[in-house]
Amino acid sequence: MITQIIAHRGSKGVRPENTIVAFNKAIDEGADGIETDVHLSKDGKLVIIHDETVNRTTDGEGRIFDKTLAEIKKLDAGAYFSEKYVNERIPTLQEVVDLLIQRKYHGIFNLELKTDKIKYPGIEQKVYEVLKGEDFPFHLVYSSFNPKSISVLHQLQPEVEAASLFKINTKAARRFSRRRIIQEWHPSIAWVRSHRFFLPHVQLRPWTVNSEDDIKYCFKKNFKGIITDYPTRALKIRKKM
Ligand code: G3P
Ligand code: CA
């Protein structure tokens with residue numbers, strides 16, 4: 001089994017995270033998958049950003065949940081990374097899906113529901129409305145740190161692969177594995193490294209696997225995948241192994 005290389009927030013290491021240029025870069029690099037994060041705006045629109053606030057990655061301030069999509073779309077989401085990317089915008093989930101369709105992307109689309117800090121009402125149903133079709137070119141994988149989101153999505157789309165995200169606590173991941181709700185775990189690489197002698201018998205896709213040492217370790221262990229900010233680096237290493 002070849003270990004999948006999944007671009008974290010697009011190719012976050014070389015492009016402004018979670019923007020259209022980042023997703024295009026991941027596709028151009030040949031990443032086997034793309035990971036991204038979804039939140040809900042004040043007017044109920046699904047938007048692609050990592051943090052609960054726009055403070056770190058845009059020229060604005062405040063929570064996504066307190067802003068309308070029109071307000072969010074005014075923000076610059078590229079300049080924080082480099083002036084080369086001035087005018088990048090925060091995309092909606094629909095815009096990212098449209099891009100993947102347009103690029104005929106056959107890799108994994110790993111959508112993380114960011115419901116661990118804010119319990120966005122009805123976000124799972126809204127995500128389902130966008131992704132319930134069956135003829136997408138990509139392979140959909142849901143993930144979340146919030147077990148309730150995984151559970152709701154599993155009820156809506158039992159056929160879609162789902163993964164438990166966690167940093168340390170494996171309680172929910174173990175419970176969901178037993179109930180066959182999730183197919184794999186997406187743990188932090190730190191957790192994997194500290195459990196190297198007693199890893200569970202589930203498929204793993206650790207994050208964020210960036211150093212050469214960690215990348216090689218995951219390839220040698222034949223993990224199902226890695227989630228990395230640097231797909232090109234990982235692809236080069238995989239080619240040589
Ligand atoms: O999905 C893996 C990883 O993205 C989880 O952590 O904080 O980068 O969303 P974070
Ligand atoms: Ca994520």
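Each reported figure results from applying straightforward, stated rules to the coordinates on display, with no laboratory input. Remember, predicted model here, so these are calculated numbers, not experimental data. No Cβ is skipped: glycine too gets one built from the backbone with ideal geometry, and neighbour counts run over all protein chains shown.
The table that follows gives values for the structure above.
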{"read-out": "Full-extension gain in nm, ARG193 to ASN87, via 0.36 nm per residue minus C-alpha separation", "value": "34.3 nm"}
{"read-out": "The chain: calculated mean residue ellipticity at 222 nm from DSSP helix runs of at least 4, using -39500 (n - 2.57)", "value": "-9000 deg cm²/dmol"}
{"read-out": "For the chain, built as a Gaussian network whose Cα springs stay under 10 Å, the top-fluctuating residue of GLY33, GLY107, GLY62", "value": "GLY62"}
{"read-out": "Karplus-derived HN-Hα couplings along region 140-155 (A = 6.51, B = -1.76, C = 1.60, θ = phi - 60°), whole Hz, x at Gly and Pro", "value": "7, 9, 8, 8, 6, 7, 9, x, 5, 4, 4, 4, 5, 5, 5, 5"}
{"read-out": "DSSP bridge orientation in region 4-240 - percent antiparallel, rounded to nearest 5", "value": "15"}
{"read-out": "Interchain or long-range residues, amide H under 5 Å from LYS224's placed H", "value": "LEU204"}
{"read-out": "Rough spin-label spacing in nm, given labels placed 7 Å along Cα→Cβ, for ARG174 and MET241", "value": "2.8"}
{"read-out": "Gyration tensor (alpha-carbon) shape descriptor, the chain, a/c threshold 1.5", "value": "oblate"}
{"read-out": "Set LYS114/LYS216; LYS45/LYS73; LYS25/LYS104; LYS45/LYS114; LYS25/LYS148; LYS42/LYS117 screened for pairs whose C-alpha atoms are more than 22 Å apart", "value": "LYS114/LYS216; LYS25/LYS148"}
{"read-out": "Proximal aspartates and glutamates to LYS224, defined as alpha-carbon separation beneath 16 angstrom and excluding residues fewer than eight positions away on the same chain", "value": "ASP32, GLU35, GLU161, GLU184, ASP214"}
{"read-out": "Fluctuation leader among TYR105, TYR80, TYR230 - the chain, Gaussian network, Cα springs under 10 angstrom", "value": "TYR80"}
{"read-out": "Beta bridges per DSSP with both ends in region 29-111, % antiparallel, nearest 5", "value": "55"}
{"read-out": "Within the chain, longest stretch free of exposed GluC sites (Glu not before Pro) [DSSP loop, at most 11 other beta carbons within 10 Å]", "value": "160-241"}
{"read-out": "MET1 versus PHE136: modelled label distance in nm, points set 7 Å from Cα along the beta carbon direction", "value": "2.2"}
{"read-out": "Förster-model FRET efficiency, 22 Å R0, LEU99 and LYS74, C-beta, rounded to 0.05", "value": "0.60"}
